[in-house]
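K.L.:
Mind having a look at this structure? Questions to follow.
The values are calculated or read from the model by the stated rules, or taken from the named source; none is laboratory data. Given the structure is predicted, the values throughout are model-derived calculations rather than measurements. For neighbour counting, all protein chains shown are included, and Cβ atoms are generated from backbone atoms with ideal geometry for every residue, glycine included. For the accessible areas, the whole protein counts, side chains as well, though only heavy atoms, and no ligand, DNA or RNA atoms are used. Shrake-Rupley method; radii C 1.70, N 1.55, O 1.52, S 1.80 Å.
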Amino acid sequence: MKKTFYLAAFLLFVSPALLNAQQLYMPRNITNAFKKRTRSLDGSPGKNYWQNGGKYDINETVTPDTKIVSGVEQIVYSNNSPDTLKVLVIRFVNNIHKPESPRGGYTNDNFFTTGLDIKSFSVNNQEYDVDSKNWGTVGVVRLKEPLLPHSSADVNISWSYPLSKQDGREGQIDSATFYVAYSYPRISVYDDYNGWDVLPHNSQEFYNDFNDYKLAIKVPKNYVVWATGDLQNPDEVLQPDISKRLKDSYTSDDVIHIADLKEMKDGKITQQNDWNTWKFDANHITDVCYAVSNHYVWDASSVIVDAKNNRRTSVQAAYNDTAADFHHSVKWAQNSLKYFSTKWPGVSYPFPKMTAFQGHADMEYPMMVNDATVSDTRRFGDQGFKFAQMVQDHEIAHTYFPFYMGTNEKRYAFMDEGWATTFEYLIGVAENGKAYEDSVYKMFRINRYIHDPSTEEDQPIITMSTQVSGAGYGNNSYGKASLSYLALKDLLGDTGFEKGLHHYMDEWNGKHPIPWDYFNCMSTGSGQNLNWFFHNWFFTNNYIDLKIDTLTRGKGFYAVKVKNIGGFAIPFDVNIVYADGQKASMHETPSVWKNNEEEQVFKISTEKIIKSVEIDGGIFMDYNPEDNVWKN
Ligand SMILES: [Zn+2]
């Protein structure tokens, strides 16, 4: 009901203004999507919007002795596009381990594997002779019969690949603990603005369709499997009292130790068949992954994520008993899920589960995070735990972007990393107080960007993520993007910002939004045309640098002229100290830059003598803070 009202208000009052307002640059392929009405200028999916997807039924076996993963899968792939598909583009990210694959950075011998070996491949019962030997992270299979619009294909694949010795986002964590992600060949995204996604995986981010999954994992006895999705058969794979503990955790607020180290070592956890097959279901989700260990301990609890419907999410952690920080993991996750569901973004956690697993990746996956332990309290003291909690908060925040909102992280990493960094900051303020969190955010997220000497640092944020590298990639994806979201929050106020953000999230969850959909949705949802702001932050070479140019005294006032040297439309405080020692402060939102992005004159009405004036952007760190101060 609310949504209808905003939309109506937009159409009546804002729409004519939008037509005349500043237009944002759009590449030609994006313009075409709007012309074809797969996307619409009010920010919503267009009346011709479509997206493809599949039903994946995957069976995998992990053999700890050989470290080989083998699998068979059936994919029922739906072509919902108006186009006839002559090829299927198959993506297998783990081919990044092949020595021949291009990569984002240096690696070593332990990282290399032989990659994917496709053993059989059929489409609609027709066998294909697929040689995956020369595939990188993307392979193309030419279809014998084209896949017509609005039809589906039954694709069956069997394959195997080795787990790399050096684990990153996946691989062998130790000789009996494996993180198994990106483990199945999948059909790459075919979309309305770019066609097939054939960009190779370059060690950075992802872009995936929403699929329904049935995942069955076969492992030897005493190996536990933690995975994306609901465990369907706890009684078949766990001993009765362990299965009961797990089920109890689904309704408990207390942390329950499902398996301790002794029980794991004594064979008290899993059923004692030679092999157990663990079955999981997860629907309308962009990926599934899992982890396996025969000696990790296992905690679980749950938390209400939707108070209206009393909906709970299972929260679990699996880790080496020696990792002191992970003993707090479930409690921290309960806190994050509650915060994210009720505060920012203020959308109920959308999945039935979240598992934190101890690896080395500091990486998000749907319903899973794989984080390093930071529990060396001798080095970090309390800070070690705070840092561990911050990383876990960040990775869990990714649930919303890119897993609830199916963004194209490969092309536009700021659409997920920028938000995860923003939520990491906001929950950090709630956990640690503003002063502490401001200093952490400045140190980790902004300082390196604003003082980065490289000439590439000021590329517009809208630049495709695959076309910036190193610091340019990091700055655009994390710090700068996050600042743009926080600047917009300051500009609109919490209520206006929430209206815009929720409008965007309501319109595009489970779909594939692009930056222009975000821009247009924020304008529609907040009820004001924000193109000037988005142009300023996303389409320019701006950076952060304000300067007090002059301070002149008139009758009963001072006039402060502030120049925006860097150009970004940032909020800031004007801090005044009078000659009598009194202090005053005014806050300016980014709206002060709407009509003149270069300079503004602020009037301070007073009969008193001013001793000093300082302009302070806080977390919007200034490139040259020396000229932010005027002293009498
Ligand atoms: Zn992230």
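K.L.:
Roughly how many percent of the accessible protein surface of region 408-455 is carbon and sulfur, given a 1.4 Å probe and a whole-percent answer?
P.N.:
On the way: 990 of 1710 Å².
In region 408-455, the share of accessible area belonging to carbon and sulfur is 58 percent.
K.L.:
Here is a further query. Would you mind listing how long the chain runs along its three principal axes, going by Cα atoms, in whole Å with the largest first?
P.N.:
The Cα atoms of the chain stretch 90, 58, 51 Å along their principal axes.
K.L.:
For Lys119, which lysines qualify as cross-link partners when the Cα separation must be under 17 Å and same-chain residues fewer than eight apart are set aside?
P.N.:
Output for Lys119: Lys133.
K.L.:
Taking the Cα centre of the chain as the origin and placing charges on Cβ (Lys, Arg +1; Asp, Glu -1), which of Val180, Val374, Gly195 is farthest toward the positive end of the dipole?
P.N.:
Positive-end residue among those listed: Gly195.
K.L.:
Turning to a different aspect of this structure: Need the C-alpha centroid separation for region 535-564 versus region 111-163, integer Å.
P.N.:
58 Å
K.L.:
Quick one: accessible area per residue over the chain, 1.4 Å probe, rounded to a whole number of Å²? Spell out each step's value before the answer.
P.N.:
On the way: 25670 Å² over 632 residues.
Dividing the accessible area of the chain by its residue count gives 41 Å².
K.L.:
So what are the ³J(HN,Hα) numbers for region 544-552, from phi and the Karplus equation (6.51, -1.76, 1.60; θ = phi - 60°), rounded to whole Hz, Gly and Pro as x?
P.N.:
For region 544-552, the Karplus curve yields 10, 6, 9, 8, 7, 7, 9, 9, 10 Hz.
K.L.:
Continuing with the same structure: Where the accessible area of region 142-205 is counted over protein heavy atoms with a 1.4 Å probe, how much of it, in %, is carbon and sulfur? Don't skip to the end; give the middle numbers.
P.N.:
On the way: 1130 of 2170 Å².
The value for region 142-205 is 52 percent carbon and sulfur by accessible area.
K.L.:
Among Pro350, Ala259, Gly46, whose Cα projects farthest towards the positive end of the dipole of the chain, with charges put on the beta-carbon of Lys, Arg (+1) and Asp, Glu (-1)?
P.N.:
Highest projection toward the positive end goes to Gly46.
K.L.:
Report, to the nearest whole %, how much of the accessible area of region 539-632 belongs to carbon and sulfur atoms, 1.4 Å probe, protein only.
P.N.:
Values: 2210 of 4800 Å².
That fraction is 46 percent.
K.L.:
With +1 on the Cβ of every Lys and Arg and -1 on the Cβ of every Asp and Glu, and nothing else charged, how large is the dipole of the chain about its Cα centre, in debye rounded to the nearest 20?
P.N.:
Working: 62 positive and 78 negative charges, 249 e Å.
That gives a dipole near 1200 debye.
K.L.:
Next up: Fully extended, how many nm does the chain gain between Trp275 and Thr114 (0.36 nm per residue separation, minus their Cα-Cα distance)?
P.N.:
Details: separation 161, 0.36 × 161 = 57.96 nm, distance 2.63 nm.
Result for the pair: 55.3 nm of gain on full extension.
K.L.:
Assuming R0 = 22 Å, what is the FRET efficiency of Asn80 and Lys144, from their Cβ-Cβ distance, to the nearest 0.05? Don't skip to the answer; put the middle values down first.
P.N.:
On the way: r = 22 Å, r/R0 = 0.98.
Taking R0 as 22 Å, the efficiency between Asn80 and Lys144 is 0.55.
K.L.:
Return the subset of Lys244/Lys434; Lys165/Lys353; Lys386/Lys511; Lys55/Lys262 for which the Cα-Cα distance in this structure is over 31 Å, preserving the input order. Spell out each step's value before the answer.
P.N.:
Numbers: Lys244/Lys434 42 Å; Lys165/Lys353 29 Å; Lys386/Lys511 34 Å; Lys55/Lys262 40 Å.
Flagged as over cut-off: Lys244/Lys434; Lys386/Lys511; Lys55/Lys262.
K.L.:
Region 225-263 to region 399-468: how many Å between their Cα centroids?
P.N.:
Cα centroid to Cα centroid, the span is 35 Å.
K.L.:
Using a 1.4 angstrom probe with every protein chain in place, what is the largest-first accessible-area order of Arg91, Arg448, Arg312?
P.N.:
Working: Arg91 15, Arg448 165, Arg312 65 Å².
The ranking, largest first, comes out as Arg448, Arg312, Arg91.
K.L.:
Right, next: Please get the size of the charge dipole for region 129-224, origin at its Cα centre, with Cβ charges of +1 on Lys and Arg and -1 on Asp and Glu, quoted in debye to the nearest 20. Intermediate values should be presented prior to the final figure.
P.N.:
Details: 9 positive and 13 negative charges, 97 e Å.
Dipole magnitude for region 129-224 comes out near 460 debye.
K.L.:
Further question: Taking the Cα centre of region 301-439 as origin and charging only Cβ (+1 Lys, Arg; -1 Asp, Glu), how large is the dipole, in debye to the nearest 20? Show your work: numbers first, answer last.
P.N.:
Numbers: 13 positive and 17 negative charges, 103 e Å.
Here the size comes out at about 500 debye.
K.L.:
Using the charge dipole of the chain (Lys, Arg: +1 at Cβ; Asp, Glu: -1 at Cβ; taken about the Cα centre), state which of Tyr77, Trp226, Trp278 has its Cα farthest towards the positive end.
P.N.:
My answer, from the dipole projection, is Tyr77.
K.L.:
Turning to a different aspect of this structure: So how much slack lies between Tyr25 and Leu261, counting 0.36 nm per residue of separation and subtracting their Cα-Cα distance, in nm?
P.N.:
On the way: separation 236, 0.36 × 236 = 84.96 nm, distance 5.75 nm.
Full extension of this stretch gives 79.2 nm more.
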